[in-house]
Amino acid sequence: NNRGNTLQDLRRYEEALASFDRALAVKRDDAHLHNNRGNTLRELKRLEEALVSYDKAIAITPGVAFLHNNRGDTLRELGRLEEALVSLDSALALKPGYVEALTNRGNTLRELGRFQEALASFDLALVSSPDDAVVHHNRGNALQDLQRYEEALSSFEKALAIKSAFAGPLYGRGNALRKLKRFDEALASYEKALMI
């Protein structure tokens, strides 16, 4: 397991997968091994197989929030958005205020076109983690979906104040500035994003 985790850190995913498989041959009922295997399969873009691994982990220990979160985000990547929401809601029932699950839930709701609900999910995530640049970035995206460009700009600015070398909010900032007809500033924001 530790060898697999190290290989995963090195982005040697096929080797990591082989290590997790060897560990599971010895200890079939270890939820963490199934989860780690699922994470590696996600990196390899083998999403259906990752889902099977998460399902096995949840069958062993159903009360672990991060397992439901990982399953939900994998379902989102597969485009199975309603199922993703069920898993993410399960994660949040087990661990209210779970920032990663709230963020994944918000992104899933955005993909469903439920922008106001997505914004509410990001706002809840910020209650637990007010200095999370990723959440501020995602919140800005939801505000842009709602055509609230000044507020979106503010969220992107907050994300950049926390993490200045972050291309996503620079790009989002450029989009918001363009919608606000502040074209020179928009260009400068895009140029900065391209340099990261």
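With the other protein chains left in place, how much accessible area per residue, in square angstrom, belongs to the range 1-141 at a 1.4 angstrom probe?
48
Treating only the Cβ of Lys, Arg, Asp and Glu as charged (+1, +1, -1, -1), what charge dipole size does the range 1-100 show about its Cα centre? Round to the nearest 20 debye.
Values: 15 positive and 16 negative charges, 57 e Å.
The calculated dipole for the range 1-100 is roughly 280 debye.
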The chain, relative contact order [Cα under 8 Å, separation at least 6], % | 10
In whole Hz, the Karplus estimates of ³J(HN,Hα) for the range 56-72 (6.51, -1.76, 1.60; θ = phi - 60°; x where Gly or Pro) are 5, 4, 5, 4, 7, 9, x, x, 10, 4, 5, 5, 5, 5, 4, 4, x
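Given the pairs Lys45/Lys158; Lys45/Lys179; Lys163/Lys192; Lys158/Lys179, which span a C-alpha to C-alpha distance of over 25 angstrom in this model? Each step should come with its number before you reach the end.
Values: Lys45/Lys158 32 Å; Lys45/Lys179 35 Å; Lys163/Lys192 13 Å; Lys158/Lys179 19 Å.
Those over the limit are Lys45/Lys158; Lys45/Lys179.
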First check a/c for the chain, with a ≥ b ≥ c the square roots of the eigenvalues of its C-alpha gyration tensor; if it is under 1.5, answer rounded, and if not, answer prolate when a/b is larger than b/c or oblate otherwise.
-> prolate
Angle in degrees between helix 13-26 and the longest Cα principal axis of the chain, rounded to the nearest 10 = 40
Tilt, helix 31-43 to longest principal axis of the chain (alpha-carbon atoms), in degrees rounded to tens, equals 50
Mind telling me which of Ala133, Ala125, Ala93 comes out most flexible in a GNM of the chain, alpha-carbon contacts under 10 Å?
-> Ala93
Once both labels are modelled 7 Å past Cα along the beta-carbon direction, what's the Ala188-Ser128 spacing in nm?
-> 3.7
For the charge dipole of the range 57-171, defined by +1 on Lys and Arg C-beta atoms and -1 on Asp and Glu C-beta atoms about the Cα centroid, which residue among Phe156, Thr108, Ala84 has the Cα displaced farthest towards the positive pole?
-> Ala84
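For the range 1-54, what class follows from the C-alpha gyration tensor (a ≥ b ≥ c being the square roots of its eigenvalues): rounded when a/c is under 1.5, otherwise prolate if a/b is larger than b/c, else oblate? Can you show the working numbers first?
Numbers: a/c = 1.94, a/b = 1.06, b/c = 1.83.
In terms of gyration-tensor shape, oblate.
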With each run of n ≥ 4 DSSP H residues scored as -39500 (n - 2.57), what mean residue ellipticity at 222 nm is computed for the chain after dividing by its residue count and rounding to the nearest 500 deg cm²/dmol?
-> -25000 deg cm²/dmol
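Show me the ranking of peptides 96-105, 163-172 by mean Cβ neighbours inside 10 Å, starting with the highest.
Details: 96-105: 22.2, 163-172: 18.7.
Top of the packing list down: 96-105, 163-172.
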Karplus-derived 3J(HN,Hα) from phi for the range 177-185 (6.51 cos²θ - 1.76 cosθ + 1.60, θ = phi - 60°), whole Hz, x at Gly and Pro, runs 4, 4, 5, 8, 6, 9, 5, 5, 5
Using the Cα centre as the reference, give the magnitude of the dipole from point charges on the C-beta atoms of the chain (Lys, Arg: +1; Asp, Glu: -1; all else neutral), rounded to the nearest 20 debye.
-> 220
Given springs between every Cα pair under 10 Å in a Gaussian network model of the chain, which of Gly72, Gly174, Gly38 has the largest fluctuation?
-> Gly174
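Where the accessible area of the range 50-196 is counted over protein heavy atoms with a 1.4 Å probe, how much of it, in %, is carbon and sulfur?
Details: 3890 of 7060 Å².
Looking at the range 50-196 in its full context, I get 55 percent from C and S.
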Taking the dipole of the range 1-100 about the Cα centre (Lys, Arg +1; Asp, Glu -1; charges at Cβ), the one of His34, Leu75, Ala23 that reaches farthest to the positive side is Ala23
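The values are calculated or read from the model by the stated rules, or taken from the named source; none is laboratory data. Since the structure is predicted, the reported quantities are computational estimates derived from the model, not experimental observations. Glycine also receives a Cβ, built like all others from the backbone with ideal geometry; neighbour counts cover every protein chain displayed. Side chains included, ligands, DNA and RNA excluded: accessible areas come from the protein's heavy atoms. Shrake-Rupley method; radii C 1.70, N 1.55, O 1.52, S 1.80 Å.
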